[in-house]
1. Could you check the stretch 8-97 for strands (runs of 3 or more DSSP E) lying wholly inside it with 2 or more residues that are open to solvent by 40 Å² or more (accessible area, probe 1.4 Å)?
2. Could you check, for the stretch 157-164, whether at least one of its residues is out of contact with any strand residue (DSSP E or B) (no Cβ under 9 Å at 6 or more places or on another chain), open to solvent by 40 Å² or more (accessible area, probe 1.4 Å) and under 24 Å from Arg85 (Cβ atoms)?
3. Take the residues in the stretch 109-159 that are in contact with an Asp or Glu (Cβ under 6 Å, 6 or more places away or on another chain) and of a type in the set (Lys, Arg), then tell me which one is nearest to Thr55 (Cα to Cα).
4. If Ala172 satisfies every condition in (1) among the small types (Gly, Ala, Ser); (2) open to solvent by 30 Å² or more (accessible area, probe 1.4 Å); (3) under 22 Å from Gln15 (Cα atoms) but one, which is the exception?
5. Condition first: farther than 29 Å from Asp110 by Cα, in contact with a Gly (Cβ under 8 Å, 6 or more places away or on another chain) and modelled with pLDDT of 95 or more. Can you find one or more residues in the stretch 35-48 that meet it?
Amino acid sequence: LALLTRFLPAGREGQAYHSLLEASGGTPPHRFSASGLPAGLAAAEASGELAGTPTQSGTFGVLLRVEDAGGQAVERLLSLNVLPRPLTLPLQALPPAELGLAYALQLPVDGGTPPYRFSAEGLPWGLELDPDTGRISGTPAESGSFVVRLAVEDAAGQWAEVQRTLEVRLPALAL
């Protein structure tokens with residue numbers, strides 16, 4: 001009896017995963033098992049299929065086992081690398097600001113590996129971005145339409161950026 005699987009392909013958190021364990025020799029049928037899998041993945045005993053959607057990232061030591069009908073068994077410890085979800089800035093639009101009034105916005109981040117580092121280009125005078133927290137704040141000192149490029153980088157070197165327009169309006173006149 002031999003377990004032919006020598007490596008497990010990498011997966012990505014939140015995305016479907018599929019890998020087929022292979023064995024030869026021994027007395028059929030073979031029964032497969034795997035321990036140490038990340039949450040969301042399971043091994044099919046009869047087919048040897050590792051499948052599911054991993055819900056956590058990291059490197060996992062997975063103990064694979066195949067047993068034949070005669071009770072003969074073989075085990076192999078392999079490493080499974082599950083990458084974090086892709087890094088994104090899921091910001092559909094920048095809320096408008098008013099000239100001379102305080103403005104604050106926390107940039108949303110999805111996926112990636114904290115800590116994050118943020119940057120912005122094109123903010124109107126009076127607004128600034130905290131590169132550690134991703135918070136835009138201040139009091140805009142000029143009105144108009146500003147094309148702003150926002151970017152975030154994670155601890156693993158993933159990078160995401162978006163370009164959005166920020167409207168700084170004149171305050172409404174009180175009658």
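The values are calculated or read from the model by the stated rules, or taken from the named source; none is laboratory data. Since the model is a prediction, treat every value here as computed from it, not as a measurement. All Cβ positions, even for glycine, are placed from backbone atoms using ideal geometry, and neighbour counts span all protein chains on display. These area figures cover heavy atoms from the full protein model, side chains too; ligands, DNA and RNA do not enter into them. Shrake-Rupley method; radii C 1.70, N 1.55, O 1.52, S 1.80 Å.
1. Values: elements: 17-20, 31-35, 41-43, 49-52, 58-67, 73-83.
Result: 17-20, 31-35, 58-67, 73-83.
2. Filtering the stretch 157-164 for residues out of contact with any strand residue (DSSP E or B) (no Cβ under 9 Å at 6 or more places or on another chain) gives 157.
Among the residues that remain, those that are also open to solvent by 40 Å² or more (accessible area, probe 1.4 Å) are: 157.
From what is left, the residues that are under 24 Å from Arg85 (Cβ atoms) are 157.
Yes: the stretch 157-164 contains one or more residues that are out of contact with any strand residue (DSSP E or B) (no Cβ under 9 Å at 6 or more places or on another chain), open to solvent by 40 Å² or more (accessible area, probe 1.4 Å) and under 24 Å from Arg85 (Cβ atoms).
3. Initially, the stretch 109-159 is screened for residues in contact with an Asp or Glu (Cβ under 6 Å, 6 or more places away or on another chain), giving 112-113, 116-117, 124-125, 138, 145, 149, 151, 159.
Retained after the next criterion (residues that are of a type in the set (Lys, Arg)): 117, 149.
Values: Arg117: 24, Arg149: 31 Å.
Ranking the candidates gives Arg117 first.
4. Condition not satisfied by Ala172: (3).
5. No, because not a single residue in the stretch 35-48 is farther than 29 Å from Asp110 by Cα, in contact with a Gly (Cβ under 8 Å, 6 or more places away or on another chain) and modelled with pLDDT of 95 or more.
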